[in-house]
Every structure is written in structure tokens, then in C-alpha cells.
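The values are calculated or read from the model by the stated rules, or taken from the named source; none is laboratory data. Please read these numbers as outputs of a predicted model, since none were measured by experiment. Note that we place each Cβ from the backbone using ideal geometry, even for glycine, and neighbour counts take in every protein chain shown. Accessible surface areas use protein heavy atoms only, side chains included; no ligands, DNA or RNA. Shrake-Rupley method; radii C 1.70, N 1.55, O 1.52, S 1.80 Å.
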Amino acid sequence: MKAIKILGILILILALAVAGGVWYLNRFLQSPDFRDLARRSAQTALGSNVTLTELEVSLWRGVTLRGIAVANPPPFRGNLLTAESFVLRYRLLPLLRKTVAVQKLAVEKPVVALVRDQAGAFNYEKLGGATAASAPPKTGSTGGTRFDVDLSAITIRDGEVSLASDTGKLLVKLAGLGLDTSVALTGNKLTGRGDARIAEINVANAIFVRNVTAPVMLGDEIQLAPLTGQFAGGSVSGGLTVRTTGGFRYLVDLSGRDSDVATLLREMGAKPSMTGKLQLTAKLEGTGGLPTITGGGRAEIVNGQLTGVPLLNLLGTLLQVAELQNLQFRECVLEYTLANNVMQNPVIKLTSPLVQITGSGAMGLENYTLNHTLTLALAESLLAKAPNEIRNAFAKRADGFLTIEFKITGPYDAPQTDLSQRLLKGAGEQLLQKGLQKLFK
């Protein structure tokens, strides 16, 4: 009996010691000293400056961070990540089953700013500094005890992700990002599903897709499909896939219907020189901005009008055909492929009752320079006022249209064409023949 009492006393003392240790540890976790220790540890691990406005840690409740900022690793400037708050809530008992059970992981107003340098490396790839660079490669089993991770509720509110070039030019930005999902990590396999919302996708401050919603699937890649949204007053649908294993890569498969072309041009900051409804398909993939994108698609504009287009103004002046400078059309079709920062256009077709333009060519996307070979077809009535020498430079087609082939080169907003030389050459030859005939009469 005496031994039992002694054992009971020892157990009580041990329990009190453990409770006291846990109480002391819990208090230490909530102290300014621990906050500074955690900040410095994170800073050392990331190889970049880390700031925290507030840190609350409890063994029983979890972790709350406020005023988070992670600076870019050198040589990048600014912040890579900021967030208003980060909240983690977990359950302790599943640890006995080797499972990290997270009840809640919530992030408010995270802002992630991705930047690529001239060599094509992202700023986040520089995190870890010398520690990451000098770490030996892992081979075989890592040993130790493996824990599975179960995140039953992940939420992101009012987030923002942007990607910029080495010169600071914005390539793409996702604003008003929201996410509700659950994730499980079993062994090395990550799975999850949920729902995503994006208030606005901004591509190079020129193309804006708004009110995007999509289910999210997480695994070896991140999938947002089927995706729906609004594009220049019309609708857009399709899917987006992001692969992070084996190097970052994204794949886009979208189609758009009934977008307003004038609205689209205004949002691009361009003169609204075209009206009509746009139907669009695009299947593209890349690792960054335009120079990395490959793929293709088709754009069709129906029941529109062209006004003040430099190319048509030039043609209208040369041919004295006013209809070319304010051209109403039934259909305008452009098929395209993208690679090496060049847009190839195997099919270009514009049709109206009196004017048709067809051909093919390419546009350099770095400086928007044109290199196209086109055929202009005009109804005979449009050339009624033109001199015969000009009319004779055209060939008559089986359907009665008069056609001439020409080239377009130079910048889009100041194109150059060989049409004037071709017309003058034809007119000159006609006038020369007339002069010689008169001379030898």
C-alpha cells in the first residue's frame, strides 16, 4: 500500500511537471522573444528578409500571423509576398495516428509578385540563399517518421498574383482571387478539390477577363475547369492547367463568344477602329510571357465596320475608293499560331459585298511589325472612277471582282505597302505604250 501511495505521488509530481512545462512552453510561444526567434528562423531558411506585425501561437488553438511580408531574394527588389493575416487551426489527437489534421488554414489579402530575370529564372527560385544551394541532394529514403497531412478547409480571400518581366512590365495579374478547397498529402502525393473565383485577369494591361469561376482540382497539376467568365461584354469558357513538376508550365484552352470588339479595343488602349462581335478560340501553353507562348487559334468578327485603319486608309487614298476608309463587312477571319514571339497568320479573310481582302503573313510581337502578302478584290463599280491605267493593273476574277496582290510590311500603326509602286508601274507601262503608239503613227 505504501508503495502504491509513493507511485501515485510520483505520477502526480510528473503530471504537474509536464503540465507546468506545457504551460511554460505555451507562454513562451506567445512571448515577443518567440516571435523574434520565429521571424529570424524564417529569415534564415528563406534567405530573405521577413517581417511580422503580430504573431500569436498557442499549443491548443493554433497560429495566427498578421502583417506578413517576405522580401524578394537578391538581386530582386521589393516584396515577393505580403498578407494581411494567416490563420492555422489544428487538432492534436490525430498526431498519435501520424496525421497532421488542419481544421482551418485561412489567408486574407495575400499578394504574390512573381518576377523573371533576364535569364528566365523566377524570384521565388532564389529563396533559400546559400543554404538551399549548398544542401546535398536527397537520395533514397529520407528516414524518420512520415506524417500524412489533412487540410480540411483552406480559404483565400481577396488575393492577388502577378507576373512581371525583368524590366518591370506586367505580363499577367490575377486580382480578387478567392479559393475554398480541401487538400490531403499522403506520402508524396498531393490531392484536393474546391472552387476558385477571380474578379479580374489582366493580361499585359491590354486584355481583361472578369468574374471568372471554376472548380479546382489539385494533384500533379492544378486544373481550373470548366472555367467561365466575361470578356469585353461577351462570355468566355474553357480551362486552365498549371504544371509545377518538371518545371513551371501553363496550358490554356479557351473559347469566347459575342465579345464587343470596340470595347475590347478601348480596354487595350487602342483607337476603337473596328466594331462587331468577336468569336474566339485559343489553345496555348507557355512558361512566362509572350516569348514563351506556343499554340494557336482562330478569331472571327461578324457584322462589323472598319474606320480609320492605317492600311485601309492608305489603300483608299491610292485607289481613290472612299468605301475602303469606312468599310462595313460581313466577316473578318484570322487564324493564328504563336511561337518564338511571332504570330503566323496562315488565313486572313475579310469579306463584304464590294470589298474582299485575303492572304497570309506574320506579325512580330516584340515590336508589332507586319509582313503580309494580301490580295485585294474590288467590285468593278468601285473602280469606275479610277483611270483605265489603274484599272488595268487589276486582274479580273471569275466572279467579276478585280484583284491585285500586294505586300504589307513595317509597324502596324504606320504600315508600308508596295501597292503604289505596282499601280504606278502598271499605269506607267500603259502610258508608255500610248506614247510610243503616237510617236510611230
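Restricting to region 376-409, what's the tally of residues that are in contact with a Ser or Thr (Cβ under 7 Å, 6 or more places away or on another chain), at pLDDT 90 or above and not in a strand (DSSP E or B)?
Matching residues across region 376-409 total 1.
Go through (1) part of a helix (DSSP H, G or I); (2) in contact with a Gly (Cβ under 6 Å, 6 or more places away or on another chain) for T373 and report which single condition fails.
(1)
Take the residues in region 116-127 that are surrounded by 17 or more Cβ atoms within 10 Å (Cβ to Cβ) and in contact with a Gly (Cβ under 8 Å, 6 or more places away or on another chain), then tell me which one is nearest to S48 (Cα to Cα).
Restricting to residues being surrounded by 17 or more Cβ atoms within 10 Å (Cβ to Cβ) and in contact with a Gly (Cβ under 8 Å, 6 or more places away or on another chain), the top hit is L127.
Scan G194, G159, G176 and give me the residue that is at pLDDT 90 or above, closer than 30 Å to V261 by Cβ, open to solvent by less than 60 Å² (accessible area, probe 1.4 Å) and in a strand (DSSP E or B).
Testing whether each residue is at pLDDT 90 or above, closer than 30 Å to V261 by Cβ, open to solvent by less than 60 Å² (accessible area, probe 1.4 Å) and in a strand (DSSP E or B) leaves just G176.
Filter region 383-405 for residues that are open to solvent by less than 50 Å² (accessible area, probe 1.4 Å) and touching a strand residue (DSSP E or B) at 6+ places or on another chain (Cβ under 7 Å); which is farthest from T292 (Cα to Cα)?
The qualifying residue farthest from T292 (Cα to Cα) is L383.
Quick one: in region 366-382, of everything that is more than 40 Å from the chain's Cα centre (by Cα) and in contact (Cβ under 8 Å) with a residue 24 or more places away in the chain, which residue is surrounded by the fewest Cβ atoms within 10 Å (Cβ to Cβ)?
Residue satisfying both the conditions and the ranking: S381.
Out of all the residues in region 198-211, is one or more acidic (D, E), in a loop (DSSP other than H, G, I, E, B), open to solvent by 40 Å² or more (accessible area, probe 1.4 Å) and over 19 Å from V149 (Cα atoms)?
There is no residue in region 198-211 that is acidic (D, E), in a loop (DSSP other than H, G, I, E, B), open to solvent by 40 Å² or more (accessible area, probe 1.4 Å) and over 19 Å from V149 (Cα atoms).
Select from region 162-173 the residues that are of a type in the set (S, T, N, Q) and not in a strand (DSSP E or B) and write down the one among them that is nearest to V115 (Cα to Cα).
S165
Given (1) farther than 26 Å from A204 by Cα; (2) among the hydroxyl-bearing types (S, T, Y); (3) in contact with a helix residue (DSSP H, G or I) (Cβ under 9 Å, 6 or more places away or on another chain), where does T307 come up short, assuming only one miss?
All conditions pass for T307, except number (1).
Show the residue pairs that are 6+ apart or on different chains and have beta-carbon atoms under 6 Å apart, the first residue being within region 273-301 and closer than 21 Å to A232 by Cβ, the second being aromatic (F, W, Y) and open to solvent by 20 Å² or more (accessible area, probe 1.4 Å).
From region 273-301, the pairs are G296/Y336.
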